[in-house]
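J.: Dropping the structure in here first, questions after.
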Amino acid sequence: MMSLMNNLDDALIWHSRERWSRAVAFLDRLFREQGDTLSEVVRHAHCLSQLMEEVSPFIQRTTSAVCPNCKNVCCVNRHGYYDHRDLVYVFALGASRPAYRDRVHDNDPCQFLSGAGCTIKRLLRPFRCNWYFCAALLARMENGPARPYRAFVSRFQEIIEVRRTMLDAFAARSRLPAPYKKELPSL
């Protein structure tokens, strides 16, 4: 089991289909075999998904106003892949992972971007994808009505804290190595 845990690191595991498959198999096995032990992780994941559902309408209104007119699409493929933290969240929810296509370059438009936006439900998107806002999006958010923006910022702070708590609980309950215990980058 230790060799499998070594695949859960900060490396971009999706670039190696073998490492990706081993990481997914490890988490699948871990959540099946240690379901009772990981119940706190599951609880935090569901709380996180609820918080993301709450902010989704605000983000959707903003992206609907800004993104269709964008000349420099920032939804590139490298942001559409889960890292190990995203996988923990998705497994805790019991959700399916998207089927990634091979041979899509990192700087190509995201393989999940359609004419109507992202094909992955917001609460299941990779964290870095969900929370990247270009300057135009940020300006629209900040210069719009103050109350919805303040509510969004408050919820966003809760999301970061609940995610951190979820990952800490995962590290503690599954006795995983240091990469899970690192503090999430400040967003």
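J.: Tell me the relative contact order for the stretch 13-111 as a rounded percent, counting alpha carbon contacts under 8 Å between residues six or more apart.
T.: Details: 52 pairs, mean separation 35.8, N = 99.
Normalised by residue count, the contact order of the stretch 13-111 is 36 percent.
J.: Taking every eigenvalue of the Cα gyration tensor of the chain, multiplying by 5 and rooting it, what semi-axes result, largest first, whole Å? Intermediate results must be reported in sequence, preceding the final value.
T.: Values: eigenvalues 170, 86, 34 Å².
Ellipsoid semi-axes (Å, largest first): 29, 21, 13.
J.: Ok, one more. Extension gain A116-E53, at 0.36 nm per residue separation less the Cα-Cα distance, in nm?
T.: Working: separation 63, 0.36 × 63 = 22.68 nm, distance 1.88 nm.
Contour length minus the Cα-Cα distance gives 20.8 nm.
J.: Would you mind computing, in nm to one decimal, how far apart the modelled labels at S64 and R150 are, each placed 7 Å from Cα along Cα→Cβ?
T.: Here the modelled spin labels are 2.5 nm apart.
J.: Ok, one more. Obtain the nm distance between the two label points defined at S39 and S96 by a simple spin-label model: each point lies 7 Å from its Cα along the Cα-to-C-beta direction.
T.: 2.9 nm
J.: Here is a follow-up. Given an 8 Å cut-off on Cα distances and at least 6 residues of separation, report the relative contact order of the stretch 2-176 as a percent.
T.: 34 percent
J.: Where is the GNM fluctuation largest for the chain (alpha-carbon springs, 10 angstrom cutoff): G94, G115, G35?
T.: Highest fluctuation of the listed residues: G115.
J.: Shifting gears a bit: Is the shape of the stretch 45-108 rounded, prolate or oblate, going by the alpha carbon gyration tensor and its root eigenvalues a ≥ b ≥ c, with a/c under 1.5 for rounded and a/b larger than b/c for prolate? Show your work: numbers first, answer last.
T.: On the way: a/c = 3.02, a/b = 1.11, b/c = 2.71.
Taking the square roots of the gyration eigenvalues as a ≥ b ≥ c, the stretch 45-108 is oblate.
J.: Here's a follow-up. Hey, can you rank 125-135, 58-68, 77-87 by average C-beta count inside 10 Å, highest first? Don't skip to the answer; put the middle values down first.
T.: Working: 125-135: 17.4, 58-68: 15.1, 77-87: 20.3.
Ranking the peptides 125-135, 58-68, 77-87 by packing returns 77-87, 125-135, 58-68.
J.: Roughly how tilted is helix 84-93, in degrees to the nearest 10 and between 0 and 90, from the longest Cα axis of the chain?
T.: Roughly 90 degrees between the two axes.
J.: Order these by the 10 Å Cβ neighbour count, fewest first: E54, E33.
T.: Numbers: E54 14, E33 11.
By the 10 Å Cβ count, ascending: E33, E54.
Readers should treat all values here as calculations from the given coordinates under stated rules, not as data from a laboratory. Source: prediction; values computed, not measured. Don't worry about glycine lacking a Cβ; one is built from the backbone with ideal geometry, like all the others, and counts go over all protein chains shown.
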